[in-house]
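Here is the structure we will look at.
Nothing in this text is a laboratory measurement; each read-out follows from the coordinates by a stated rule. All figures in this text were calculated on a predicted structure; none of them were measured in a lab. Because the Cβ atoms are built from the backbone with ideal geometry, glycine has one as well, and the counts that use them run over all protein chains shown.
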Ligand SMILES: Nc1ncnc2c1ncn2[C@@H]1O[C@H](COP(=O)(O)OP(=O)(O)OP(=O)(O)O)[C@@H](O)[C@H]1O
Ligand SMILES: [Mg+2]
């Protein structure tokens, strides 16, 4: 959770200080006022990167040499981030230079829901893999070790394949991929079943039209079922050699959730697809809150797009009841009425990069 947040020279925000509440923080303003920029700053603090650009120079306000973000987390831990156009990125966690980005991710677990999240269904397996791996990372302490070891072995094997190294050299990496890949698959399988259970309940609540729907999970480990990864790698070595990269393994994993055995993209409306994605994010936060002392933060950009008033209010009721710290943007000022008298909620108006009353 964030107790305070300070932004300096971040996009169109020259200086801003926020004292967020523990539940819903609604950020309302016109187009171009700086709403998404506030979410981007929080995301940046938790992940050390932006969801809009790979090049951090775009985040620094025009005519300025650097940006700065300072936050205090629930246990009073300070996080400071500075990006200077010439000196690059510096992050400090609890007054010391950050060693690993994963330390930041553990301190500030963030689920970001973009305005176009209904397009999730059109994205490739890489995005779906990232999504559940975020959850597995937060609930399974050994996940990061296995993932880092797997990635290292995979890049070595791929480098060997690319340079057409001898097969005896390439197979040296197979046992590492097998060991770490199998561990990752175990974690992912267990996690996906938990996600399915939580999702079934949440999706029914957020989208009452599907309150009795049966949700099933499909999981593809990244290699053929009932075979060991090592055997698959050996059998496919000639093909991998031809292609120049490792085709099978935990890096090729994919998953999906079906609604009454149907593909969500084929039966859901756009608004329902958005609620589907939101239910996945809320289910993930619910699961990680059972493990991680640093309760997760939810960022929802443009809650009003695709969703009618009733579904928006139902969603807000749900987030508030669950006590999830969330930062939600909207151009729609009628959400004021919902905020009235709600506990632990705060309303921020943004105009040209500044907070107004
Ligand atoms: N580096 C920068 N320096 C100054 N201003 C910038 C910079 N990068 C972007 N901007 C401007 O910052 C403003 C805020 O953008 P932001 O995306 O946060 O708006 P928003 O409130 O989310 O708008 P919308 O409702 O359209 O989504 C925009 O006017 C944009 O052009
Ligand atoms: Mg925006």
Nearest-ten-degree value, helix 125-139 long axis tilted from longest Cα axis of the chain: 80 degrees
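With a Förster radius of 22 Å, plug the Cβ-Cβ distance of residue 74 and residue 102 into 1/(1 + (r/R0)^6) and report the FRET value to the nearest 0.05. Write down the numbers at each step before the final one.
Values: r = 19 Å, r/R0 = 0.84.
Rounded to the nearest 0.05, the efficiency is 0.75.
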Alpha carbon Rg of segment 48-128, scaled by the compact-globule rule 2.2 N^0.38 Å: 1.30
Extension reserve of the residue 263-residue 190 stretch, reckoned as 0.36 nm per residue once the Cα distance is removed: 24.1 nm
Acute angle (nearest 10 degrees) that the helix 270-289 long axis makes with the longest principal axis of the chain, alpha-carbon atoms: 80 degrees
Choice from 307, 298, 123 showing the highest fluctuation, given a GNM over the chain with Cα pairs closer than 10 Å: 123
Square roots of 5 times each gyration tensor eigenvalue, C-alpha, the chain, largest first, Å: 37, 27, 17
Estimated FRET transfer efficiency when R0 is 41 angstrom, pair residue 332-residue 247 (beta carbons, to 0.05): 0.30
Once the Cα gyration tensor of segment 1-77 is diagonalised, semi-axes √(5λ) in Å: 20, 15, 12
Cα→Cβ-extended label distance, 7 Å offset, between residue 54 and residue 220, nm: 2.5 nm
Equivalent ellipsoid semi-axes, segment 120-291, via Cα gyration tensor eigenvalues times 5, rooted, Å: 35, 17, 12
Mean-position separation - Cα centroids, segment 70-136 and segment 159-227, in angstrom: 22 Å
Dimensions in Å of segment 122-174 - Rg and Dmax from alpha carbons: 14.4, 40
Nearest-ten-degree value, helix 143-162 long axis tilted from longest Cα axis of the chain: 50 degrees
Added length on full extension, which subtracts the Cα-Cα distance from 0.36 nm per residue, residue 343 to residue 162: 59.3 nm
